[in-house]
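Novice: Quick one: structure below, then a few questions.
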Amino acid sequence: EADIYQTPRYLVIGTGKKITLECSQTMGHDKMYWYQQDPGMELHLIHYSYGVNSTEKGDLSSESTVSRIRTEHFPLTLESARPSHTSQYLCASSVGTSIVPDTQYFGPGTRLTVL
Amino acid sequence: DQQVKQNSPSLSVQEGRISILNCDYTNSMFDYFLWYKKYPAEGPTFLISISSIKDKNEDGRFTVFLNKSAKHLSLHIVPSQPGDSAVYFCAASALGRWGAQKLVFGQGTRLTINP
């Protein structure tokens, strides 16, 4: 089981503020992912990373940005939060081989509310 | 276009009986399928997976069945326990470039186990 951490768990913030959601994993996984989930809906991939200095946008368009300077760290940033950004943000990681599929393990999530 | 569908938003089962959760997919390129369990305000927890080369995978009380011709998979939980009450997500992926695996999730089924 992967150890993957997200902070903060809950965040209530005003419109226009810049925020960074933190995600760290201690398993040395190469691949990391950010998903967004609204209540009662499926998870949507918004960003992923193959490894250090590689990031890609996911299937759901997002105004957020990500960086991957260290293997264990994959923060997500919103430059100017808006009420439409209110959602749960879930970070995941996987070992990531190129031969066989592997399992993604999730952090506890950050529940973001923008007023 | 929903590539992974869980048509039952909720399911109620008596404790000790079998719970059967269903999932359908449309993309024939999917080759790896996973089930996750999610409690409110927490991240999804990996339960069990199956590769497209198999039609059954068992782990304790959990069994996943895959019917590729029907593009259908199901999760069986037997016997069902009160602690199994949660939202269950089906997810599918296709091994792509550089081992990138973008999980596509269903909308989830809320399982309630009644004592």
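Novice: Between the DSSP loop rule and a limit of at most 14 other Cβ atoms within 10 Å, which GluC sites (Glu not before Pro) in the range A:31-85 are left?
Specialist: Loop-located and lightly packed - A:E63, A:E79.
Novice: When DSSP beta bridges are limited to those with both residues in chain B, what percentage is antiparallel, rounded to the nearest 5?
Specialist: 90
Novice: Using DSSP to call loops (not H, G, I, E or B), can you name the trypsin sites (Lys or Arg not before Pro) in the range B:1-105 whose Cβ has at most 13 other Cβ atoms within 10 angstrom?
Specialist: Sparse-neighbourhood loop trypsin sites (Lys or Arg not before Pro): B:R17, B:K54.
Novice: Also, I was wondering about something else. Find the relative contact order for the range A:4-114 and round it to a whole percent, using C-alpha pairs within less than 8 Å whose residues are 6+ positions apart.
Specialist: 37
Novice: Counting just the Cα atoms, what span does chain B cover along each of its three principal axes? Round to the nearest Å and put the largest first.
Specialist: Cα extents, longest axis first: 46, 30, 23 Å.
Novice: Hey, fewest Cβ within 10 Å first, where do B:I18, B:I77, A:I19, A:I69 land in order?
Specialist: A:I69, B:I18, A:I19, B:I77
Novice: Just to confirm a number: summing +1 for Lys and Arg and -1 for Asp and Glu over residues other than B:I50 whose beta-carbon lies under 14 angstrom from that of B:I50, what do you get?
Specialist: -1
Novice: Can you give me the Rg/Rh ratio for the protein assembly as shown, using Cα atoms for both radii and the Kirkwood formula for Rh?
Specialist: We get a ratio of 0.97 for the protein assembly as shown.
Novice: Consider just the alpha-carbon atoms of chain A and return their Rg together with their Dmax, both in angstrom.
Specialist: In Å, with Rg to one decimal and Dmax whole: 13.5, 45.
Novice: Along the range B:77-84, what does the Karplus equation 6.51 cos²θ - 1.76 cosθ + 1.60 (θ = phi - 60°) give for ³J(HN,Hα), rounded to whole Hz, x for Gly and Pro?
Specialist: My calculation for the range B:77-84 gives 10, 8, x, 6, 10, x, x, 7 Hz in order.
Novice: So, one more: Across the range A:74-80, in residue order, what do the Karplus-derived ³J(HN,Hα) couplings come to in whole Hz, using 6.51 cos²θ - 1.76 cosθ + 1.60 with θ = phi - 60° and x for Gly and Pro?
Specialist: 9, x, 10, 10, 10, 5, 8
Every read-out reported here was derived from the displayed coordinates using simple, explicitly stated rules and does not represent laboratory data. On a predicted model such as this, the values are computed, not experimentally measured, just so you know. As a convention, Cβ positions derive from the backbone with ideal geometry for all residues, glycine included, and neighbour counts pool all protein chains shown.
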